[in-house]
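Asker: I'd like to ask you about the structure that follows.
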Ligand code: ADP
Ligand code: MG
């Protein structure tokens, strides 16, 4: 019996739509591109329920004639090319004629449009592959398109939509990208009838950036030096834009945007090249912001390799990566030279590597903006090695109370009386003599482990202390939603959060050990963690979030390398460490101690 049957055009279109439209943000992208292709200078976006219920975009572009308005929902209906040969010279965003057909296949559409020549506009309702209503209407020149009930007729896709805030964050990133690449267009964005953004057109990219983020952020930006202007000139590639200086960082890569011939694209390799330029400039796990425009010869890039046109393919990808790396490196180095030479004349600078920051004296070191440890009070002495005598100073490390904790591993050799404290090396490592040899203990790693286990085992609600000056954090509305979903969790850690404005939350209480600055950092870090992990199963997500937040808190609250400790503090630290489950490794997986056996020491001195 024959098995093959042709799908109905309606079914085929729904399946094909999956390639282009996976989520509301994809629809927003297609509609914005159409508005820009129509030469709009003003675009207003309205959303309801984060785009799941309504996406409504109004532009003042060229509009469509009645006939075009009827045609535009058909598959492969486009006014932008007539043959594939035109692709190499394409200047419009669209060219496949697939977007509206795909969108109309999985949602209900209402379109009102009018050209400058027409006396009236046309209003069309479209659903399930057909025009269900059509009438002339009075309207402005331009196009007004409403997409309702995304995926109402494809339940399986609807089920796969992510949580509201994930979908919303995607829409916002996309919105920012279009605002960045089209400063000549005025944008407005409303959610549930509230105006969230109002960006009039600007003269410069920097002004647009200031509208999106704020003035403080703009102050951290360096114009990218186009290394294509050097002797290794690439006539086919120009780089422009801004990157942040070495004082700025974020916990995620959300603020890195690349545009190829003014199209926002996602490309891991370009991001990697950018980050490589920051090697040793930013601490591990911290990321810069960057808005980089690549202008590239059209014949050397394929924009038609991805159904959603989110990726492009370069003919010479490695060269493009190197150009980005060089430009970033040069921009950062140049900034340091400028800063450095204005403060210190006649000093030679190491210029040949991105590592040059490593060679600076401490006042030139890139210091992350938020860097604070509450315990203990610092005394930065030039001393390298503290040898202790029997004089003891009262302790001020908070001791780890007895917890009735079961222990699998316990370093027996560090029990009281089984070691002699030699001293502190570089104010960072504790040196102990035991019968078996020499033990070096990393004071920060050890204390971090102690605090982490303590925090994690302490399940009951922690009482935070009211902050005298509550810390305000400015976030996007999507981020606020994300963080407030975990409000109870943070509350149980002694961190009380409250939304105080459309884009602001305030931290009202702090758990023991953490100060305002570390708290702000903790919330930003957690936000990023939640965004990256919320796809996980609920229980696993909870467990991971708990671990993540506690390890962050432990890291911030722990004594750090460089802190001078008293013998009493050191003895207490060792005692507390012994009570932990995993005393040999710190929470980041590094060792807390290093044991050099007496045997090895003797062998090295050829005593054996
Ligand atoms: P493409 O953009 O690839 O041509 P679309 O399905 O996105 O395909 O749109 C089909 C056609 O509808 C476009 O080629 C254009 O002529 C017309 N169109 C769509 N949106 C608009 C708009 N906002 N303003 C004017 N014309 C539009
Ligand atoms: Mg299009």
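Here, each number is a calculation from the coordinates, and none is a lab measurement. These figures come from a predicted structure and were not determined experimentally.
Asker: Starting from 0.36 nm per residue, how many nanometres of slack lie between residue 269 and residue 582 once their C-alpha separation is accounted for?
Answerer: In short, 108.9 nm is gained.
Asker: Turning to a different aspect of this structure: For the range 517-535 and the range 127-157, compute the distance between their C-alpha centroids and round to whole Å.
Answerer: Here the answer is 39 Å between Cα centres.
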